[in-house]
Amino acid sequence: MPMSSQLPPPLGRDTALFLDFDGTLVALAPTPEAIEIPSALVALLEDLREQLGGALAVVSGRQIDAIDRFLAPLRLPAAGEHGVQRRDSQGRMQEQHAPDLVPILDVANELARVHEGLLVERKHAAIALHYRLAPQLEAVCRDAMSRAITGRPLLELLHGKFVFEVKPVGVNKGLAIEAFMNEAPFAGRLPVFAGDDTTDESGFAVVQPRGGVGIKVGSGPSLALHRLESPRAVYEWLVQLRDQLAAPAHKKNGESPRSDG
């Protein structure tokens, strides 16, 4: 896979901006609920949405209602659960039918009962087993969840950062981005996607062949041709992008672009 430390190129108002959430917009935390939202992040995303004519979406493994809760009062176009849920720019929600996950949930819950440090997350159409607090249990979690989907062709196992997730087949972030790119206001724009995890690689595989920009956040091999080292670097890049997009209007007024420092 290509590896690069090259910073993202300058972008214009014709950009369609797609952003992963955990590990990209916010730093990872021991549990999904323990993340901290940078104080000015919501205002920054609102500014960028306006500057890009609404062509800004969050593409995440989280459920959309969780994204909304953390970014309140902002409600962006979003793909949740890797694309199982998708809300377009008009606020219309599309959601795949949830498969029977009770047997998977039972396996995950039993594993969490036996092993301290495991966390089970029940989503609309997926079961996530987090082992960030017990990284030594990676193989145990993988084997148990792999066995749980044996003989269930409509389900697949996804491995992210310290998590194994059982979800419907044929769903990924790349397909979610493609769906956005076929709709206003994203259609016809330059797609840019930033993400930190293996689950984001499908997004890079979609935007770069379109002439767009893939940005890997953090270390590790990736299809992405550009890289930012951390969520803090993503935040600073977004501030710079906002100020670049605002610069012409400010210059006309003889003012300086605002900075969050």
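Computed from the coordinates by the stated procedures, all read-outs in this text should not be read as laboratory data. Just so you know, these numbers come straight off a predicted model, no measurement behind them. Virtual Cβ from ideal backbone geometry, glycine too; neighbours counted across all protein chains shown.
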Taking the chain, the lysine pairs whose C-alpha atoms sit under 18 Å apart (8 or more places apart or on different chains) add up to 6
Charges at C-beta only: +1 for Lys and Arg, -1 for Asp and Glu. How large is the resulting dipole of region 1-107 about its Cα centre, in Debye rounded to 20? 300 debye
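Hey, could you grab the Kirkwood Rh for region 10-151? Inverse mean 1/r over distinct alpha carbon pairs, Å, one decimal. Intermediate values should be presented prior to the final figure.
Numbers: mean 1/r = 0.0595 Å⁻¹.
The Cα-based Kirkwood calculation yields 16.8 Å.
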Residue among Met181, Met145, Met93 with the largest mean-square fluctuation in a Gaussian network model of the chain, springs linking Cα atoms under 10 Å: Met93
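Dividing the Cα convex hull volume of region 102-171 by residue count, how many Å³ per residue is that? Intermediate results must be reported in sequence, preceding the final value.
On the way: hull volume 5.3 nm³, N = 70.
Given the Cα convex hull of region 102-171, per-residue volume reads 75 Å³.
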In a Gaussian network model of the chain with springs linking alpha carbons closer than 10 Å, the residue among Val217, Val171, Val114 that fluctuates most is Val114
Using a simple charge model, +1 on the beta-carbon of Lys and Arg, -1 on the beta-carbon of Asp and Glu, nothing else, what dipole does the chain show about its Cα centre, in debye to the nearest 20? 460 debye
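Using DSSP to define loop residues, name the GluC sites (Glu not before Pro) in region 137-202 whose beta-carbon has at most 16 other beta-carbon atoms within 10 Å.
On the way: sites: Glu138, Glu156, Glu165, Glu178, Glu183, Glu201; in loops: Glu183.
Answer by residue number: Glu183.
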Which whole-number percent of Cα pairs in the chain have a distance greater than 34 Å? 18 percent
As an exercise, find the ratio Rg/Rh for region 143-185 from alpha-carbon atoms, using the Kirkwood inverse-distance average for Rh. 1.14
Of the residues Leu17, Leu119, Leu76, which exhibits the maximal mean-square fluctuation in a Gaussian network model of the chain defined by a 10 Å Cα contact cut-off? Leu119
